[in-house]
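One structure below.
The values are calculated or read from the model by the stated rules, or taken from the named source; none is laboratory data. Predicted model, so just to flag it, every value in this text is computed and none were measured. Here the Cβ is made from the backbone with ideal geometry for all residues, glycine too, and neighbour counts use every protein chain on show.
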Amino acid sequence: MSEQMNIQESILETFSIDHSSAIPLHKQVEDLLRDLIKHPDYLRGALLPKEVDMSKRLGISRNTIRQATNKLVHENLLIRKKGVGTTVSRPTLTSKLDNWFSFSQEMHEKGLEFINYSLKSGNIKATSDIAQHLQIERGKKVIKLERLRGLDDGPFVYFISYFHPRIGFTGKEDFTRHLYEIMEQDYATIPSISHEEIKAILADEFLAEQLSVPVGEPILFRKRIVCDPGERPIEYNLGYYRADRFSYSIDIKR
């Protein structure tokens with residue numbers, strides 16, 4: 001018997017509901033599930049017990065189990081994958097668009113210690129796309145910075161940044177520091193305005209490998225043009241986020 005099955009059987013043995021209680025059965029099951037998903041094994045990604053096993057253990061219908069499970073799926077506490085099973089949702093990080101920072105500053109503000117899984121920088125010749133967004137001539141040399149970043153349980157964002165030559169970057173900077181701190185303190189360049197474009201895309205083979213997701217998995221893609229106080233572009237940034245680990249929130253006032 002596998003370790004996974006041992007875990008499930010051990011936990012199912014503790015399952016019980018009160019059939020004589022005035023509390024609806026689906027609500028009792030919901031409360032059981034809320035306690036269940038706090039178990040370390042499920043927080044690490046173990047599959048929850050099957051609905052048929054829980055219904056047999058509790059002596060209730062699968063529809064009642066499904067009703068309770070659906071409630072937690074709707075609250076984004078559980079993820080149900082057809083043909084695989086149900087797992088606990090991993091915490092997502094949220095970035096607010098009304099007060100933007102560099103990634104490292106955002107993580108610092110949240111008290112999270114991120115990891116640079118990969119960091120590369122160097123000179124390249126600007127393509128038509130890069131030249132258009134940085135408002136420079138095609139073929140002009142720019143610094144390209146690639147960063148694969150995340151937490152201790154794995155990477156969840158892959159960044160590509162291109163910088164306007166006027167900043168003065170050489171490519172030898174210590175990019176483990178806050179990016180915009182380097183601009184301000186070392187190069188007297190003030191990031192002031194961010195123009196954002198966000199959409200969903202599907203992971204190709206390269207992104208799937210970088211972010212440890214299946215090919216075709218939904219990815220949150222964000223294109224950012226960072227400008228100085230004079231609205232001159234200083235950074236063209238492409239960010240590819242795991243959709244199950246990151247979200248954007250927007251506050252809009254009328």
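Values as computed for the structure displayed
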| item | result |
| --- | --- |
| All positions within segment 31-55 that are acidic (Asp, Glu) and either under 22 Å from the mean Cα position of the chain (by Cα) or surrounded by fewer than 18 Cβ atoms within 10 Å (Cβ to Cβ) (or both) | ASP31, ASP35, ASP41, ASP53 |
| Meets criteria (among the hydrophobic types (A, V, I, L, M, F, W, C), surrounded by 13 or more Cβ atoms within 10 Å (Cβ to Cβ) and either in contact with a Cys (Cβ under 6 Å, 6 or more places away or on another chain) or touching a residue at least 60 places away in the same chain (Cβ under 8 Å) (or both)) for LEU179 | yes |
| Output for segment 182-200, where each listed residue is part of a strand (DSSP E or B) and in contact (Cβ under 8 Å) with a residue 24 or more places away in the chain | ILE193, SER194, HIS195, GLU196, GLU197, ILE198, ALA200 |
| Condition check for ARG242: surrounded by 16 or more Cβ atoms within 10 Å (Cβ to Cβ) and under 23 Å from ASP153 (Cβ atoms) | yes |
| Elements of type strands (runs of 3 or more DSSP E) in segment 48-156, at least 2 residues being closer than 26 Å to LEU179 by Cβ and modelled with pLDDT of 90 or more | 115-125, 141-151 |
| Matching option when the condition is out of contact with any Leu (no Cβ under 8 Å at 6 or more places or on another chain) and on the phi < 0 side of the Ramachandran plot, among ILE225, ILE198, ILE160 | ILE225 |
| Selected residue (criterion: surrounded by the fewest Cβ atoms within 10 Å (Cβ to Cβ)) from residues of segment 194-239 that are aliphatic (A, V, I, L, M) and touching a Gly at 6+ places or on another chain (Cβ under 7 Å) | LEU202 |
| Any hit, segment 193-203, residues being among the hydroxyl-bearing types (Ser, Thr, Tyr) and either more than 21 Å from the chain's Cα centre (by Cα) or farther than 21 Å from TYR117 by Cβ (or both) | yes |
| Residues located in segment 119-137, provided they are more than 15 Å from PRO233 (Cβ to Cβ) and either among the charged types (D, E, K, R) or not assigned by TED's automatic domain parsing to the domain that holds GLU173 (or both) | LYS120, LYS125 |
